[in-house]
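Here's the structure, in structure tokens; my notes come after.
Coordinate-derived values only; no laboratory data. From a predicted model like this one, the values you see are computed outputs, not experimental measurements. All Cβ positions, glycine included, derive from the backbone under ideal geometry; neighbour counts span all protein chains shown.
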Amino acid sequence: MSVDCTFEATPVWGALMHTVVIRSDLLYFRHTFTDQLVEAEASLPTYFPSVGKYYDYTQFKPGGGPLITFRSSISTGDIVAAEPALVEDTNPVKTQGWLTFRLLKDSDQIKSGKPTQLVFNVTERGNEVQALTPYLEAPGHLWIVDDKGDNFAHLAGVSESRGMPAPGEGATTPTAVPTEETEGATATAPPVPTYAPTFAPGIINAMATAGAAPRPQLAPVQETALSSILQTPEILPQIGYGPDVAFTHTFPHPGLYKLWLEVEYRAEVIVVDYVLKVE
């Protein structure tokens, strides 16, 4: 897909342009992005898995201007658009890939017109994940659309950050890096600052409940990272996030909403979706 850009774009979340394609039944989601413009055009790859109607949401920021979300509809054939048959997810726990996500809410009922905090607790084999890779300059991205496709939102999450130990090290220490000015000289990299989001009281209670949940009964070898079994060093990001990724959003009206969470872990972008009911 090619978009004409007759303006100077400002990067937003690690890219000049983001495009999200969602099928009208809300069962298909694809996010692509680009950080390049060629002759005032941005080219973004996408994929339409079936004939039907799709919503396209393209986000960009003209130089010196606010973020713009351009919405359009794309039909891939003569077919009646499928209506979403959304059902609220009552189980907050979902497993995608090798990660397990637990959605924590401030209260059981989400109220429209009121800022709502949503926190995703991420574990791997029952162990808290603390090495989420920064993905597009954030610990995670959350995409939200209502059941009509009219209200769309893109949120970047916050999470506690920590420096990751080098392979074989048990603690994080400042590293010495060569400088270009003087051959053989080194400069000490500053320590990575940590940041913990502020959680709503209801979220804190939910986190305590989640922490008390029984861990899966696994054999020791199942709790060991595959890299250790293969005797290869584990690849860790310089800065790791987790296990809790927080977002705050104000839902504009009551109804059902579909959410897609994107995080990067072990060099793979993992997507998990939820359906929320808003009162």
Open item on the list: In whole Hz and in residue order, list the ³J(HN,Hα) couplings for the stretch 236-247 that follow from phi through the Karplus curve 6.51 cos²θ - 1.76 cosθ + 1.60, θ = phi - 60°; x for Gly and Pro.
Closed with: 10, x, 5, 10, x, 10, x, x, 10, 10, 10, 9
Open item on the list: Give me the one-decimal nm value for the distance between modelled label points at Ala212 and Thr32, 7 Å along each residue's Cα-to-Cβ direction.
Closed with: 4.8
Task: Dimensionless Rg ratio for the stretch 15-68, taking C-alpha atoms and the 2.2 N^0.38 Å reference - done: 1.27
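Compute for the stretch 1-147: radius of gyration divided by Kirkwood radius, i.e. Rg/Rh, restricted to C-alpha atoms, rounded to two decimals. Provide the component values of the computation, followed by the final result.
Numbers: Rg = 17.9 Å, Rh = 18.0 Å.
A ratio of 1.00.
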Task: Residue-by-residue Karplus 3J(HN,Hα) for the stretch 12-28, coefficients 6.51, -1.76, 1.60, Hz, glycine and proline x - done: 9, 6, x, 8, 7, 8, 10, 10, 10, 10, 10, 5, 4, 7, 6, 9, 10
Open item on the list: How large are Rg and Dmax for the stretch 27-114 when calculated on the C-alpha trace, in angstrom?
Closed with: 18.1, 50
- [ ] Rank-order 149-157, 79-87 by packing density, defined as the average count of other C-beta atoms within 10 Å over each peptide's residues, highest first.
- [x] 149-157, 79-87
Open item on the list: I need to check one value: relative contact order of the stretch 25-127, counting alpha carbon pairs closer than 8 Å and at least 6 residues apart, in percent.
Closed with: 19
